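Visitor: Pasting a structure below so you can have a look.
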Amino acid sequence: MGTPSSRSFSSVLSVNPYKETYCSGVSSFLTEAKDPTFAKDQFVISYLNTRDFITAQIEISKNIPEEDLYDAINSKAYDELALDQAVEYNIQFIETFDTLDEDNRHFHVFIVNPSDLTERFKPVVEKIKYIDVIIPAPLLLKSLYTKELIEDNGVHCFIYIQENDAFLTIYRNQEFVYTKSLKFALTDMHERFCDLYGERITYDDFLDFYQHANLKTTDSEYKKYFIKLYKELISNINDILTYAKRAFEIEKFERLYIGSQEKTKTELYELLEFELNIPASEFKFDYGFEISESYYIDQLHALMQLYTLIPSEEKYTCNFTVYRRPPKFIRRESGKLIILVLASFALAFAYPITYWVLTYAQELQEDLLKQEYKKIHNTRVTREAMIKSREADKKKVAKLLEIEKKEYLEKKNTLIKIREVKVEYPMKAKLLALFTKDINKFNVNIQEAEYSEKDEKKVLSLHLVAPKDRQITKLVEYITDIYEGKYKFDLNEIKYDDEFKTYLAELKVTLL
């Protein structure tokens, strides 16, 4: 039985079954749903923590027909993973194409014990009756790439800490590669902190410090023990990354993302980047939703809401739900039978009932058109909201760019003027004053003076004018003798000006 599209519903309800928190999404608006109930026009999505499923990679020969693929994977999973033959596990899988194997197909397999699933979702189902999608939490990250919140390729690692679980997930070239549960859920971290501290504190006190204390500024006695705790977490992450590099032939990680279900003032990503020397960022993205300022949204709630906006063909088909809603009445076998009986009954009375049948058909057609309208309307509203958000961002960036350009030009022009005033003018004046007395002794005039700096050389060019060439040569001999070792003098030639009956020469003075 196929999963209904989220786009055919007027709202989306995302469920955290571990803390029994709910988030309702209508168009691009997200709010906390404190007391949810069943609604026919409500699409429901939830997830499984990494501790609640087994994952592995399995190879299947390409000679296996598509219709026999599930049975082949199911059989191999039981054999290779030594699963209990007495338990009928719920097995889902996704194919990976990041391989050069010409003989086999490769699959990521996810395995769940059905009794665990029933126990986990029992309180949720009692409230809302049906769950359309239950997906492994690491696969929700695919939506970050599909919705272009992360546009880069390469290898990315995501670490997310929850109250009852913490997971590390690796994506390469925007596709799922590997996931691993970490023994650093908030409850685990509380127990380990008490061990390090040597005294038991309440979970509420631990969580209060975790949420409100910044390790950079706090002077609390808890600080050094939290630092040890975080270093153990990062060491565990480093061990897993080292294994993943070897197991999946990963050269390097382009970026790490780390976040927490509970907000914290300590910048975990800075610690991670410092310890592992890999660029890191906060596990927090601009999803394009409008959220109340008083509502701190769990990133997994945001990812679930985002997942429902992805086209079906771009999603990972890995749905563990056993709480599917029944098909519409006209699609049920009983419904079809009742319709057939009514049609036969109507035919028996033929003409009298013809008009009634036509009326019913029109109403049915109207209902279908209304459903189609609702689907198109929701899509339009969502896209309009996204377009407005992108246009606003574009205008902001354009304004900032224009401001930066103006500031750059102003600073550039100021620096040029400062350089001319501080470097060229004083140096030129100083050198001219130095040589003026000597030049006057030999009755030589300066027609023009130029100062320049190039390749760390400071050069003063003096264009000399004299009635006799001997005056220029004596001048050069004199100053060369006096300033030997301080300046280098270059005089290539002396020209005669017929019009003014004078001798011209360019003397270059280089500072040593």
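Results for (1) surrounded by 13 or more Cβ atoms within 10 Å (Cβ to Cβ); (2) over 15 Å from Lys495 (Cβ atoms); (3) out of contact with any His (no Cβ under 8 Å at 6 or more places or on another chain), shown as yes or no for each residue.
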position: Ile446; (1), (2), (3): yes, yes, no
position: Val459; (1), (2), (3): yes, yes, yes
position: Pro467; (1), (2), (3): yes, no, yes
position: Gln471; (1), (2), (3): yes, no, yes
position: Leu475; (1), (2), (3): yes, yes, yes
position: Ile479; (1), (2), (3): yes, yes, yes
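Visitor: Looking at the range 97-107, can you tell me whether even one residue there is buried (at least 22 other Cβ atoms within 10 Å of the Cβ) and either not in a loop (DSSP other than H, G, I, E, B) or not assigned by TED's automatic domain parsing to the domain that holds Lys34 (or both)?
Guide: Narrowing the range 97-107 to residues buried (at least 22 other Cβ atoms within 10 Å of the Cβ): none.
No, the range 97-107 contains no residue that is buried (at least 22 other Cβ atoms within 10 Å of the Cβ) and either not in a loop (DSSP other than H, G, I, E, B) or not assigned by TED's automatic domain parsing to the domain that holds Lys34 (or both).
Visitor: Would you confirm whether any residue within the range 20-33 is more than 27 Å from the chain's Cα centre (by Cα), polar (S, T, N, Q) and within 24 Å of Ile128 (Cα to Cα)?
Guide: no
Visitor: Taking the range 20-37 on its own, how many of its residues are in a loop (DSSP other than H, G, I, E, B) and not hydroxyl-bearing (Ser, Thr, Tyr)? Talk me through it step by step, then tell me what you get.
Guide: Let us first name the residues in the range 20-37 that are in a loop (DSSP other than H, G, I, E, B), namely 20, 27-28, 33-37.
Adding the requirement that they be not hydroxyl-bearing (Ser, Thr, Tyr) leaves 20, 33-36.
Of the residues in the range 20-37, 5 are in a loop (DSSP other than H, G, I, E, B) and not hydroxyl-bearing (Ser, Thr, Tyr).
Visitor: Would you kindly identify the strands (runs of 3 or more DSSP E) lying entirely within the range 435-512 that contain at least 2 residues that are aromatic (Phe, Trp, Tyr) and free of Cβ contacts under 8 Å to residues at least 60 places away in the same chain?
Guide: Numbers: elements: 445-454, 457-466, 487-497, 502-511.
Of the strands (runs of 3 or more DSSP E) lying wholly inside the range 435-512, those with at least 2 residues that are aromatic (Phe, Trp, Tyr) and free of Cβ contacts under 8 Å to residues at least 60 places away in the same chain span 487-497.
Visitor: Let me ask something else. Tally time: how many residues in the range 253-308 are in contact (Cβ under 8 Å) with a residue 24 or more places away in the chain, more than 26 Å from Asn319 (Cα to Cα) and part of a helix (DSSP H, G or I)?
Guide: Count: 5.
Visitor: Got at least one residue in the range 38-49 being surrounded by 17 or more Cβ atoms within 10 Å (Cβ to Cβ), in a strand (DSSP E or B), without any contact (Cβ under 8 Å) to a residue 24 or more places away in the chain and touching a Phe, Trp or Tyr at 6+ places or on another chain (Cβ under 9 Å)? If you could, list the steps in order and put the result at the bottom.
Guide: Let us first name the residues in the range 38-49 that are surrounded by 17 or more Cβ atoms within 10 Å (Cβ to Cβ), namely 42-49.
Next, only the ones that are in a strand (DSSP E or B) stay: 42-48.
Among the residues that remain, those that are also without any contact (Cβ under 8 Å) to a residue 24 or more places away in the chain are: none.
Looking for residues that are surrounded by 17 or more Cβ atoms within 10 Å (Cβ to Cβ), in a strand (DSSP E or B), without any contact (Cβ under 8 Å) to a residue 24 or more places away in the chain and touching a Phe, Trp or Tyr at 6+ places or on another chain (Cβ under 9 Å), one finds none in the range 38-49, hence no.
Visitor: While we're on this one: Which residue, of Ala280, Ala185, is over 30 Å from Thr99 (Cα atoms) and touching an Asp or Glu at 6+ places or on another chain (Cβ under 6 Å)? Lay out the reasoning, then the answer.
Guide: Numbers: Ala280 fails: over 30 Å from Thr99 (Cα atoms).
When all the criteria are applied, what remains is Ala185.
Visitor: Another question, if that's okay. Confirm whether Ile135 is of a type in the set (A, V, I, L, M, F, W, C), more than 26 Å from the chain's Cα centre (by Cα) and not assigned by TED's automatic domain parsing to the domain that holds Ala247. Before the answer, list the steps.
Guide: On the way: of a type in the set (A, V, I, L, M, F, W, C): yes; more than 26 Å from the chain's Cα centre (by Cα): no; not assigned by TED's automatic domain parsing to the domain that holds Ala247: yes.
Answer is no for this residue.
Visitor: Looking for something under 28 Å from the mean Cα position of the chain (by Cα) and more than 30 Å from His106 (Cα to Cα) - is there at least one such residue anywhere in the range 48-69?
Guide: If we filter the range 48-69 for residues that are under 28 Å from the mean Cα position of the chain (by Cα), which is where we start, we get 48-57.
Filter again for more than 30 Å from His106 (Cα to Cα), leaving none.
Looking through the range 48-69, none of the residues is under 28 Å from the mean Cα position of the chain (by Cα) and more than 30 Å from His106 (Cα to Cα).
Visitor: Restricting to the range 80-139, name every residue that is among the aliphatic types (A, V, I, L, M), in contact with an Asp or Glu (Cβ under 8 Å, 6 or more places away or on another chain) and within 30 Å of Asn63 (Cα to Cα).
Guide: Val112
Visitor: Given the criteria at pLDDT 95 or above and either over 28 Å from Arg390 (Cβ atoms) or under 15 Å from the mean Cα position of the chain (by Cα) (or both), does Phe97 qualify?
Guide: Numbers: at pLDDT 95 or above: no; either over 28 Å from Arg390 (Cβ atoms) or under 15 Å from the mean Cα position of the chain (by Cα) (or both): yes.
Considered against the rule, which asks whether it is at pLDDT 95 or above and either over 28 Å from Arg390 (Cβ atoms) or under 15 Å from the mean Cα position of the chain (by Cα) (or both), Phe97 comes out as no.
Visitor: Looking only at helices (runs of 4 or more DSSP H) that fall completely inside the range 159-248, which ones have 1 or more residues that are among the polar types (S, T, N, Q) and more than 27 Å from the chain's Cα centre (by Cα)?
Guide: Fully inside the range 159-248 and qualifying: 186-197.
Visitor: Based on what the data block shows, is Pro65 surrounded by fewer than 16 Cβ atoms within 10 Å (Cβ to Cβ) and in contact (Cβ under 8 Å) with a residue 12 or more places away in the chain? Spell out how you get there, then give the answer.
Guide: On the way: surrounded by fewer than 16 Cβ atoms within 10 Å (Cβ to Cβ): yes; in contact (Cβ under 8 Å) with a residue 12 or more places away in the chain: no.
No; evaluated as a whole, the condition is false for this residue.
Visitor: Return a yes/no flag: does the range 359-380 have any residue that is in a loop (DSSP other than H, G, I, E, B), among the small types (Gly, Ala, Ser), farther than 27 Å from Ser14 by Cα and modelled with pLDDT under 85. I'd like the intermediate steps shown before the answer.
Guide: Restricting attention to the range 359-380, the residues satisfying the condition of being in a loop (DSSP other than H, G, I, E, B) are none.
No, there is no match, as no residue in the range 359-380 is in a loop (DSSP other than H, G, I, E, B), among the small types (Gly, Ala, Ser), farther than 27 Å from Ser14 by Cα and modelled with pLDDT under 85.
Visitor: Can Asp116 be described as in the same structural domain as Phe43 (by TED's automatic domain parsing), surrounded by fewer than 22 Cβ atoms within 10 Å (Cβ to Cβ) and more than 26 Å from Met189 (Cβ to Cβ)? It would help to see each step written out before you state the result.
Guide: Details: in the same structural domain as Phe43 (by TED's automatic domain parsing): yes; surrounded by fewer than 22 Cβ atoms within 10 Å (Cβ to Cβ): yes; more than 26 Å from Met189 (Cβ to Cβ): no.
Spelling it out, it is not the case that Asp116 is in the same structural domain as Phe43 (by TED's automatic domain parsing), surrounded by fewer than 22 Cβ atoms within 10 Å (Cβ to Cβ) and more than 26 Å from Met189 (Cβ to Cβ).
Visitor: Being charged (D, E, K, R) and touching a Gly at 6+ places or on another chain (Cβ under 9 Å) is the filter here, so list the residues in the range 359-395 that pass it.
Guide: First pass over the range 359-395, keeping only residues charged (D, E, K, R): 363, 366-367, 370, 372, 374-375, 380, 383-384, 388, 390-391, 393-395.
Passing the criteria: only Arg390.
Visitor: Do you know which residues across the range 131-158 are assigned to a loop (DSSP other than H, G, I, E, B) and buried (at least 22 other Cβ atoms within 10 Å of the Cβ)? Walk me through how you get there before you give the answer.
Guide: Initial filter on the range 131-158 (assigned to a loop (DSSP other than H, G, I, E, B)): 131-132, 147-154.
Across the range 131-158, the qualifying residues are Ile131, Asp132.
The values are calculated or read from the model by the stated rules, or taken from the named source; none is laboratory data. Worth saying up front: this structure is predicted, and the values here are computed from it rather than measured. Every residue, glycine as well, gets a Cβ built from its backbone with ideal geometry; the counts of neighbours run over all protein chains shown.
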